[in-house]
Structure formats: structure tokens, C-alpha cells
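> Mind having a look at this structure? Questions to follow.
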Amino acid sequence: MKGLKRLPLPAPIALLLPLPGHAQDRAIASPQAAVRTYAQNDKDTVLATCIANAYRSDKDAAEDAGSSVSALRGWTRYNMEKSPDAVRSLADRYLARNQANPLADAGSSDCASAS
């Protein structure tokens, strides 16, 4: 991963990620998207789309995040004609922000608060 430029995760996005200790407390035998709220699945879809787009040059990371997006789409109900474009637009707007100085774009919360 030499030379790979990693974008910092803003605090609101980091809050969407599960805590490592919690995830290890129980074995998960199947995808959980079907039993979670639509809001959580939507947030995770946007987050995975942001990661897939941000790490396009890292084949493994982009492929893994893209697989997560596909799985979440398969387990949730939403408008298939509008939703993928809306998620992609939200991710593109977020990634276009000044990542070096997130406060410069403080009025735009995009991916960080997709709810």
C-alpha cells in the first residue's frame, strides 16, 4: 500500500463504524442488513460508496467496498431508479470537499450525516 493516499475519516463517519469489541462479542452467521433499520443501511451504503470512490486506485479496497454496496442494495428496499444516482451524487459531493481542511466546507455535511 506504498504511496496510497489515505483520506482521513471525519468524526461523524467514524461514528457510523461499529466498535471492534462489540463486533467480536457474537458470531454473525448471516448478513444483518435485513434486520437493521433502513436509515442504518442507507448510511452504510453511502459510506461504502464513498470508500469505493475514494480508494479507486486500490483495487482490493474499492472491490470490497463495492461488494458491500451491492449486498446492501440486495437486502434493502428503496427506489431503484432514483436511489443509486442519489447515493453516487452524495458521495461525489463529499469527496469533492477539501479533505485537508474539512472545516473549510463546514456548511456541507453530505456523507457524514446521510440520514
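The values are calculated or read from the model by the stated rules, or taken from the named source; none is laboratory data. Worth saying up front: this structure is predicted, and the values here are computed from it rather than measured. Cβ coordinates were reconstructed from backbone atoms using ideal geometry, including for glycine residues, and neighbour counts include every protein chain displayed.
> Quick one: count up the residues across region 40-50 that are surrounded by 23 or more Cβ atoms within 10 Å (Cβ to Cβ) and either over 14 Å from S89 (Cα atoms) or among the polar types (S, T, N, Q) (or both). Please lay out each step first, then the result.
So in region 40-50, the residues surrounded by 23 or more Cβ atoms within 10 Å (Cβ to Cβ) come out as 45-47, 49-50.
Cutting the leftovers down to either over 14 Å from S89 (Cα atoms) or among the polar types (S, T, N, Q) (or both) gives us 45, 49.
Selection size over region 40-50: 2.
> Name every residue in region 58-77 that is under 15 Å from V46 (Cβ atoms) and without any contact (Cβ under 8 Å) to a residue 40 or more places away in the chain, in order of residue number.
A65, G66, S68, V69, S70, L72, R73
> Test G66 against the criterion of being modelled with pLDDT of 60 or more and assigned to a helix (DSSP H, G or I), and give yes or no. Reasoning before the result, please.
Values: modelled with pLDDT of 60 or more: yes; assigned to a helix (DSSP H, G or I): yes.
The answer is yes for G66.
> Right, something else. Taking the condition among the acidic types (D, E), at pLDDT 85 or above, surrounded by fewer than 18 Cβ atoms within 10 Å (Cβ to Cβ) and at negative phi, does E81 pass?
Details: among the acidic types (D, E): yes; at pLDDT 85 or above: no; surrounded by fewer than 18 Cβ atoms within 10 Å (Cβ to Cβ): yes; at negative phi: yes.
No: the conditions fail for E81.
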